[in-house]
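J.: Provided herewith is a single structure, encoded as structure tokens, for subsequent inquiry.
Values quoted throughout were computed directly from the atomic coordinates according to the rules given, and no laboratory measurement underlies them. Because the structure is predicted, anything quoted here is derived from the model rather than measured. Heads up, the Cβs are rebuilt from the backbone with ideal geometry, glycines too, and the neighbour counts pull from every protein chain shown.
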Amino acid sequence: MVSRPDARTLIETVLDRGSWKSWDAPPADPAEPGSPYADELAAARVKSGYDESVITGEGTLDGRRVAIVACEFSFMAGSIGVAAAERFVAAAERATREGLPLLAAPASGGTRMQEGALAFVQMVKITAAVQAHRAAGLPYVVYLRHPTTGGVFASWGSLGHVTAVEPGALVGFLGPRVFESLHGYPFPEGVQVAENLFQHGLVDAVVSADDARQIAIRALAVLCADTSSLTAGAAPEEDLRPVEAWEAITRSRRDDRPGVRTLLKLAAADVTPLNGSGEGENEPGLLLALARFGAAPAVVLGQDRRRQRSSSPLGPDGLRVARRGMRLAAELGLPLVTVIDTAGADLSKAAEEGGLAAEIARCLAELVVLDAPTVCLLLGEGAGGAALALLPADRVLCAQHAWLSPLPPEGASAILYRSVDFAPEIAQAQRIRATDLRRDGIVDRVIPERPDAAYEPEAFCERVGRALEYEIAGLLSENPATRLEARLARYRRLGT
């Protein structure tokens, strides 16, 4: 039998030792004296050692002050009634007033049935408090524990900026015992399990309590980064050797060329991978992560060319993951870095029926007006609508051998000449090289390859990381309204 920590043990595991301070006062008793429900509450308090199903307070996490709300399942199955909801909301409101990140650790069967409809609608009150906290630009991090079902999962359990889950935990909307009682047959096995949620992009990680501490530390290092003293420093140098368009394309397609995952490994810190759209879509060809480049925090959206080629061409699911990243950046005021490296979008029946074109349009529409600083990095291949979807940004950087084109040159050659043989000439004529893109106002800075990123992956990635830090620092120093106005003007004047 798996041993799972109770609420107090979990808090002691996650927070710095000895830092926990309770915020709780004795709860108002919702039961009529002498009623069966009053007897149940009294028995639960004796048996569990808790006075309610929710405890709240504060502590430090790697020295950072945080607020925490945790459920205790041994108290009436962690069910949420009026008193538990009021305790949660009071803690969320205090965290918002005091500007603290809020960590939540649900373990609950949902609404407390003994309190009926009034308990049921407490989920609205809790959700409103969570949304007010998020609207204040404060992080909300969730650790789902075994079991989490019902109204808790359908409200505050599913609203985290970052969400982890306990290994093997039962997490679902309707508990399997209730389902079987209502329908007369069991719920399919393996559906409401932590690992299946991760597989479907509904949670970001499946981790123990010890590892949940480390994820929270890394995530908050980015989500709560102090950028007030961030300075741009010296502008990165450019020292470019001229290359023909077809040579650049050939180099960009090398299997050993560093991609977005190598970039994060070699040039970033506090990397926290996020998983899926949070709405049931997941696509390994689109990476979403929190990271820091030097002292500059960022949400990173990166196209993983290797995974696109091997298993998952970039389709509508990947673009919905990208839009999750855009929303996260906008809500928390974090810089957004998009990384383009794609041979093109998924060309299939499933992609068409899944709304590929519409998702490209939505990415463009959200990104061009996003209320956050944005930097785009053309890292390698930049073919078609899949590349265009992540392009609009305040600043656009381009690796020396990266490129941007409406189609791969072979496709353009086939359209114009009914043959792919003219791809090198088409590439040259279409002005798709980094230096051409800069000359036409599409790119702001070209990052040198000496002579090829594949030959110097570590030095190249470090060069890219410094350039990203420089651009992010500059953007953070600008007035947000002025920054957005300049972005819109940039794209308005292209080609004029």
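J.: For the pair Ser229/Ser35, report the inter-label distance in nm, with labels modelled 7 Å from Cα in the Cβ direction.
T.: 5.6
J.: Using a 10 Å cut-off on Cβ atoms, rank the peptides 181-193, 3-15, 312-324 from the highest mean neighbour count down.
T.: The packing order, highest mean first, is 312-324, 3-15, 181-193.
J.: Any idea how far the Cα center of region 271-307 sits from the one of region 432-495, in Å?
T.: 19
J.: Within the chain, which DSSP H helices have Cα atoms that stretch 27 Å or more along the helix axis and a mean Kyte-Doolittle hydropathy of at least 0.0?
T.: The answer, listed by residue number, is 457-476.
J.: So what are the three principal axis dimensions of the chain from its Cα atoms, in whole Å, longest to shortest?
T.: Largest first, the chain extends 88, 54, 40 Å along its Cα principal axes.
J.: If you take the square roots of the eigenvalues of the alpha-carbon gyration tensor of region 114-191 and sort them as a ≥ b ≥ c, do you get rounded (a/c under 1.5), prolate (a/b over b/c) or oblate?
T.: Because a/c hits 1.5 or more and a/b fails to exceed b/c, region 114-191 counts as oblate.
J.: Here's something else I'd like to know. Any chance you could run the full-extension gain for Leu494 through Leu240? It's 0.36 nm times the residue separation minus the Cα-Cα distance, nm to one decimal.
T.: That works out to 89.0 nm of additional length.
J.: Going by a ≥ b ≥ c, the root eigenvalues of the Cα gyration tensor, does region 351-423 fall in the rounded group (a/c under 1.5), the prolate group (a/b larger than b/c) or the oblate group?
T.: Oblate.
J.: Can you give the FRET efficiency for Ala357 and Ser181, using 1/(1 + (r/R0)^6), R0 = 41 Å, r = Cβ-Cβ distance, to the nearest 0.05? Don't skip to the end; give the middle numbers.
T.: Values: r = 45 Å, r/R0 = 1.10.
Given R0 = 41 Å and the Cβ-Cβ separation, E is 0.35.
J.: Please order Met123, Met76, Met113 by the number of other Cβ within 10 Å, starting at the fewest.
T.: Met113, Met123, Met76
J.: Turning to a different aspect of this structure: Cβ under 15 Å from Val171's Cβ, Val171 left aside: what net charge do those residues give with Lys, Arg +1 and Asp, Glu -1? Kindly include the intermediate steps, with their values, before the conclusion.
T.: Numbers: positive: Arg4, Arg145, Arg177; negative: Glu166, Glu189, Glu195, Asp204.
Net charge around Val171: -1.
J.: Can you put Thr163, Thr435 in order of Cβ neighbours within 10 angstrom, beginning with the fewest?
T.: On the way: Thr163 23, Thr435 18.
In increasing order of surrounding Cβ atoms, one gets Thr435, Thr163.
J.: Could you tell me the center-to-center distance, by alpha carbons, between region 309-324 and region 143-179 in angstrom?
T.: Taking the Cα centre of each part, region 309-324 and region 143-179 sit 25 Å apart.
J.: If amide hydrogens are placed 1.01 Å from N in the peptide plane, which non-local residues have theirs closer than 5 Å to the one on Ser108?
T.: Result for Ser108 returns Thr148, Thr149.
J.: Note the full-extension length gain between Glu458 and Arg97 as 0.36 nm times their separation in residues minus their Cα-Cα distance, in nm to one decimal.
T.: Length difference between fully extended and current span is 125.6 nm.
J.: Based on other C-beta atoms within 10 Å, arrange Cys398, Cys71 from fewest to most. Intermediate results must be reported in sequence, preceding the final value.
T.: Details: Cys398 25, Cys71 30.
Ascending Cβ contact count within 10 Å gives the list Cys398, Cys71.
J.: Assign one of three labels to region 231-492, namely rounded, prolate or oblate, based on the Cα gyration tensor with a ≥ b ≥ c the square roots of its eigenvalues; rounded applies when a/c is under 1.5, prolate when it is not and a/b is larger than b/c, and oblate otherwise.
T.: The shape class here is rounded.
J.: For the chain, what is the percent of antiparallel DSSP beta bridges, rounded to the nearest 5?
T.: Once the DSSP bridges in the chain are tallied, antiparallel ones form about 40 percent.
J.: Determine, at each q value in 0.21, 0.30 (inverse angstroms), the log₁₀ of I(q)/I(0) that the Debye formula gives when each Cα of region 46-105 is one equal point scatterer.
T.: -0.78, -1.18
J.: Given H placed on each backbone N at 1.01 Å, which residues far from Leu286 in sequence or on other chains put an amide H within less than 5 Å of it?
T.: Asp304
J.: In deg cm²/dmol, rounded to 500, what helix-only [θ] at 222 nm does the chain give when every DSSP H run of at least 4 residues adds -39500 (n - 2.57) and the total is split over its residues? Don't skip to the answer; put the middle values down first.
T.: Working: 21 runs with 206 residues, N = 496.
Result for the chain: -12000 deg cm²/dmol, rounded to the nearest 500.
J.: Taking +1 at the Cβ of each Lys and Arg and -1 at the Cβ of each Asp and Glu, which of Leu15, Ile80, Pro26 sits farthest along the dipole of region 7-222 towards its positive end, judged by Cα position relative to the Cα centre?
T.: Of the options given, the answer is Leu15.
J.: For Val206, which sequence-distant residues (separation of 5 or more, or a different chain) have an amide H within less than 5 Å of its own amide H, given hydrogens modelled in the peptide plane?
T.: Placed amide hydrogens put Val165 under 5 Å from Val206.
J.: Calculate the dipole size of the chain relative to its Cα centre from +1 charges on Lys and Arg beta carbons and -1 charges on Asp and Glu beta carbons; express the result in debye to the nearest 20.
T.: Here the size comes out at about 720 debye.
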